[in-house]
Amino acid sequence: MGPMSDPSLDLSLEQAELDQVDKFRKGRNTSVLTIMFTDIQGFTHLTEERGDSFSNGVRREHDSLLVPIIEREGAGRVIKHIGDAVMAVFSEPSTAVARALEIQETLRTRDAARPDLPPLRVRIGLHMGQVTVEDKVAMDVFGRHVNRASRVEGLAEGGQVFLTYGVLDSAKGWLSGRPEAAWVSHGKYRVKGIDEPLEIFEAYRPGTIKPRGPKGAKRQGGLPRLAPAIGLVAAGALAVLGVLSYQRTTVTFEDLYVRNDTAVVLDHKTRLQVEGTHEDHLRKCLTKIAPGEHLLAYDVSYVTRYYSPLTVKRGKNILKPRFEYFGLPGLTGNTGYDPKRGKGETFTRTFEYATYDDAGVKRDHKADIVLTLKADRVAPAGVKKGPKGPPVLLWTLDWTLTLDGKELSKDRLTLTHDSASPEATSDKKALWEDARHRYVLSYRLSNSYCQGEVQAEYSEYR
């Protein structure tokens with residue numbers, strides 16, 4: 001259970017703890033703090049089953065992993081330990097989210113390395129708000145945010161990071177720009193002790209866990225009760241509107257956090273036009289979208305694309321895109337001239353990734369890349385014997401690219417480079433391309449070193 005689900009836990013702070021909070025926020029020059037709550041799922045059961053001595057050892061290990069991550073570089077401060085729960089504060093919401101994801105990744109690594117021990121399943125909740133009155137942290141103001149952070153944490157399961165809208169809104173720029181982080185909204189939920197429903201978001205690392213909504217929590221939904229007469233009038237009005245909506249399809253996006261200078265593309269061909277900015281909660285789509293299945297996409301870089309399947313129904317649509325990270329593989333090799341390394345140096349790696357085809361179908365791929373870099377010393381023109389001083393090098397680059405079991409490119413490139421030259425030699429060579437992406441070989445020769453790379457790149461949207 002989360003800390004707020006246990007009435008025996010005291011979330012109030014002593015004056016010394018409150019002074020820690022005030023000292024931290026003054027040091028970070030802010031009046032707004034992000035509050036983190038964590039606790040170990042199943043800790044009570046573990047204590048009952050294995051005893052206090054064992055569970056105390058688990059808690060000490062838990063603290064040794066979490067506290068350094070939270071407090072590294074002074075970014076956060078642990079304020080209070082409440083049994084197996086931790087209360088901490090951060091000045092930057094993006095840092096709080098990043099450290100929460102790092103905690104979960106660290107715990108997953110620990111569990112994989114120690115299968116002989118019970119897994120450490122920690123749930124994390126984040127909430128933020130202004131905590132000061134007259135430039136001093138006020139107990140009642142801070143306490144309200146503490147209460148909300150604890151309630152959010154209590155909705156999560158082990159391995160999850162739940163956060164409120166304020167944290168997401170401030171951290172979404174960081175989340176959008178990083179392939180190792182993504183988020184989803186689970187909707188609004190009623191929680192005990194808070195009048196208005198809270199919209200719960202989940203931050204997660206793609207490929208590690210599957211986001212899932214709070215279990216056993218009451219989701220906010222439905223329409224308020226109306227008086228019978230008003231209900232009849234409303235029903236008639238809705239019927240008329242329904243006919244009109246059936247004839248006209250409109251789309252409004254909810255929480256489309258993509259900036260206007262980033263092209264969002266519909267079905268690989270049409271640039272989407274929407275009202276407002278990335279800070280607006282609702283944005284009307286100005287591009288006509290026919291009812292049916294569609295695909296939205298936008299690029300963060302030439303190797304990073306985000307996709308979101310979209311279902312548009314006839315009539316009025318309010319849709320929240322669920323963008324998912326799709327990264328492309330690449331292999332880089334670096335080596336220097338070594339007369340004793342006659343066979344050169346070989347780099348190899350296997351990648352699994354996915355793309356969407358023109359029909360909007362997700363296609364899984366497996367790529368095998370092998371790259372060999374080798375240098376031989378050659379004499380400059382007109383010199384019969386090896387020269388004194390830095391040599392002229394003959395570089396050989398061999399590669400093999402196999403995709404989904406089919407060999408797409410296998411070849412050799414030879415290049416001559418004077419290792420005494422202050423100028424570097426670099427270029428690119430296309431290896432293979434389809435409608436969605438391509439593979440490119442690039443190299444750079446500098447002094448007596450060579451860097452070669454076989455990299456997949458997304459085809460540009462035009």
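The values are calculated or read from the model by the stated rules, or taken from the named source; none is laboratory data. It should be emphasised that the depicted structure is a prediction, and the values quoted were computed from it without experimental measurement. Glycine gets a Cβ as well: all are built from the backbone with ideal geometry, and neighbour counts include every protein chain shown.
The table that follows gives values for the structure above.
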| read-out | value |
| --- | --- |
| Yes/no for residue 209 being buried (at least 21 other Cβ atoms within 10 Å of the Cβ), among the β-branched types (Val, Ile, Thr), outside the structural domain of residue 320 (by TED's automatic domain parsing) and in contact with a Gly (Cβ under 9 Å, 6 or more places away or on another chain) | no |
| Residue in region 139-154 that is free of Cβ contacts under 8 Å to residues at least 12 places away in the same chain, closer than 27 Å to residue 278 by Cα and outside any strand (DSSP E or B) present | no |
| Total residues in region 401-425, condition under 33 Å from the mean Cα position of the chain (by Cα) and assigned to a strand (DSSP E or B) | 7 |
| Extreme residue, surrounded by the fewest Cβ atoms within 10 Å (Cβ to Cβ), among residues of region 96-138 that are of a type in the set (Val, Ile, Thr) and free of Cβ contacts under 8 Å to residues at least 40 places away in the same chain | 109 |
| Failed condition for residue 176, given (1) farther than 19 Å from residue 25 by Cα; (2) modelled with pLDDT of 85 or more; (3) surrounded by 18 or more Cβ atoms within 10 Å (Cβ to Cβ) | (2) |
| Pick from region 287-312, criterion farther than 23 Å from residue 460 by Cα and without any contact (Cβ under 8 Å) to a residue 40 or more places away in the chain, ranking: surrounded by the most Cβ atoms within 10 Å (Cβ to Cβ) | 292 |
| Any hit, region 347-357, residues being closer than 25 Å to residue 394 by Cα, among the basic types (Lys, Arg) and in the same structural domain as residue 396 (by TED's automatic domain parsing) | no |
| Count - residues of region 79-88 that are closer than 17 Å to residue 123 by Cβ and among the β-branched types (Val, Ile, Thr) | 2 |
